[in-house]
Amino acid sequence: MKKKVAIVGAGVWGRTHAFLYKEHPEVELVGICDQNIEKAEKFADEFSIPRVFEDHRTMLDELDFDAVSIVTPDFAHGAIVVDCANARKDILVEKPIATTREDLIRISEAVSENNVRIMTDLHNRWSPPFAVAKQMLDDGELGSPVSAYFRLNDVLWVATDMLPWSSKSSILWFLGSHSVDTLRWFFGDEVETVYSVSSSGVLKNLGLDTTDIYQTILTFRNGCIASMENSWITPNTNPCVNDIKFNFTGSEGMVNLDLSNNQMIECFTQNESKHPDVLVNHFVHGKAKGFAYESIRHFIDCLVTGDEFLIKLDDAINTSLVVLSILESAEKRIPVKVEYFSSD
């Protein structure tokens, strides 16, 4: 019997989830929910979804389904995740899982009490260059972990045009969550302390009340150290919407990744030059491809088979706890020790 799935959030990335669900032969997309009912209805027409809702609680009361994708702005995840867990729905939630400690506690309790399956879309673990580098580390080619540098920035357009809610969020939630999870994954350990500084002005001068950039030092329990940069003021002329540099140093080797300046495909016309994305999310013969899609496909496959998700609940929660500590450190200009839940 097919798994019945609903989506909360009819925005750009909600459409991404819908493409993957519609492709899978063992899944039936049965509902879409968005506070903007006109947007939800248009979404339903595009993907032939039979039921449309304006409130997720109404959808939970009236619609029969097995699992849900939560693709709302990051600050709006908490209550929806808790309500879906209490309704005993399996859950895929976009990153970060939540942006307050209170919501993280409530989510952890609701998931445990209702024995539901949950995964957060921290999709960098499916990025081929990162996955290959991690396999080299696991195979012993690089020795034991020592240090890392991770620069993950966005062009200005993301904050000014792509995200109408950027002033209610932070680049740390939007990209920093990926950075923290990737570093935790490579080091195989949890962050112990963080020290971060930030700068504001560019975006505030454009009417967006959000911080431009964070520079962060992370120390891990096992003694490893990392530097992390996250901003969304990279010029819009950058070849890629992301500005990505990654260095990982082990006791016996090192890897460098530069994922912003690929020359695999270049396009030049009379009006512009561009480097089309062939890594993150694109389409080949009408099918969704790229590592940002593979993470969603992984959730769907595991939903059908019952296999474990690659991203565990602790991964998502601890990543958010680290980001909360970075925000506190940047505000107070002091090192902050990450306070994990007592079960860690």
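The values are calculated or read from the model by the stated rules, or taken from the named source; none is laboratory data. Being a predicted model, the structure only gives us computed values, none of them experimental. Methodologically, a virtual Cβ is constructed for each residue, glycine included, from the backbone with ideal geometry; neighbour enumeration extends over all protein chains shown. Please note that ligands, DNA and RNA were not included when accessible areas were found on the heavy atoms of the full protein model with its side chains. Shrake-Rupley method; radii C 1.70, N 1.55, O 1.52, S 1.80 Å.
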Calculate the tail of P(r) for the chain: the fraction of all Cα-Cα distances greater than 38 Å, expressed in %.
14 percent
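Anything over 24 Å Cα to Cα? Flag those among Lys42/Lys204; Lys3/Lys289; Lys42/Lys287; Lys4/Lys168; Lys95/Lys168, in the order listed. Show your work: numbers first, answer last.
Values: Lys42/Lys204 33 Å; Lys3/Lys289 22 Å; Lys42/Lys287 21 Å; Lys4/Lys168 32 Å; Lys95/Lys168 15 Å.
Over 24 Å apart, Cα to Cα: Lys42/Lys204; Lys4/Lys168.
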12 Å beta-carbon shell around Phe299, net charge (K/R +1, D/E -1):
-4
Positive end of the dipole of the chain, charges at C-beta (+1 Lys, Arg; -1 Asp, Glu), about the Cα centre: which of Ile171, Pro235, Val93 has its Cα farthest in that direction?
Pro235
Loop only by DSSP, 14 or fewer other Cβ within 10 Å of the Cβ. Give me the trypsin sites (Lys or Arg not before Pro) in segment 151-243 that pass, ordered by residue number.
Arg221
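When only Cα pairs under 8 Å and 6 or more residues apart are kept, what is the percent relative contact order across segment 184-250?
On the way: 86 pairs, mean separation 17.4, N = 67.
Computed over segment 184-250, the figure is 26 percent.
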Counting only the heavy atoms of the protein chains, how much of Trp13 is accessible to a 1.4 Å probe, in Å² to the nearest 10?
60 Å²
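With an 8 Å Cα cut-off and a minimum separation of 6 or more residues, compute the relative contact order for segment 1-114 in percent.
The normalised contact order for segment 1-114 reaches 24 percent.
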Got a sec? Charge dipole of the chain, +1 on Cβ for Lys and Arg, -1 for Asp and Glu; which of Val111, Gly306, Leu208 is way out at the positive end?
Leu208
If I compute solvent accessible area with a 1.4 Å probe over the protein chains, what percent of it on the chain is carbon and sulfur?
49 percent
The aspartates and glutamates whose Cα lies under 16 Å from the Cα of Lys245, excluding any fewer than 8 residues away in the same chain, are Asp154, Asp181, Glu229, Asp258
Here the relative contact order (percent) of the chain, from C-alpha pairs under 8 Å and at least 6 apart, is 18 percent
³J(HN,Hα), Karplus 6.51/-1.76/1.60, whole Hz, each residue of segment 200-210, x for Gly, Pro
10, x, 4, 6, 5, 5, 9, x, 10, 7, 8
Output for segment 68-116: trypsin sites (Lys or Arg not before Pro) sitting in coil per DSSP, at most 14 other Cβ within 10 Å, listed by number, reads Arg88
Roughly what would the spin-label model give for Asp258 and Phe75, points 7 Å off Cα along C-beta, in nm?
3.8 nm
Pairwise centroid distance, computed over Cα atoms, of segment 255-275 with segment 88-125, Å:
36 Å
Tell me, what is the per residue accessible area of segment 86-142 in Å², probe radius 1.4 Å?
42 Å²
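Could you give me D for segment 198-344, from Stokes-Einstein at 20 °C and 1.002 mPa s, where the hydrodynamic radius is the Kirkwood radius over C-alpha pairs? Units µm² s⁻¹, please.
Details: Rh = 19.3 Å.
Roughly 111 µm²/s, to the nearest whole number.
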Determine how large the accessible area of Leu104 is when every protein chain is in place; take a 1.4 Å probe and give Å² rounded to the nearest 10.
0 Å²
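By per-residue mean of other Cβ atoms within 10 Å, what is the highest-first order of 59-68, 313-322, 241-250?
Details: 59-68: 17.9, 313-322: 22.6, 241-250: 19.7.
My ranking of the peptides, most packed first, is 313-322, 241-250, 59-68.
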Would you mind pulling out the separation of the Cα centroids of segment 3-70 and segment 176-194, in Å?
32 Å
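What order do Asp258, Asp209 take when sorted by accessible area (1.4 Å probe), most exposed first?
Details: Asp258 80, Asp209 105 Å².
I get Asp209, Asp258, largest accessible area first.
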Once both label points are put 7 Å beyond Cα along the C-beta direction, the Tyr340-Leu63 separation in nm becomes 3.6 nm
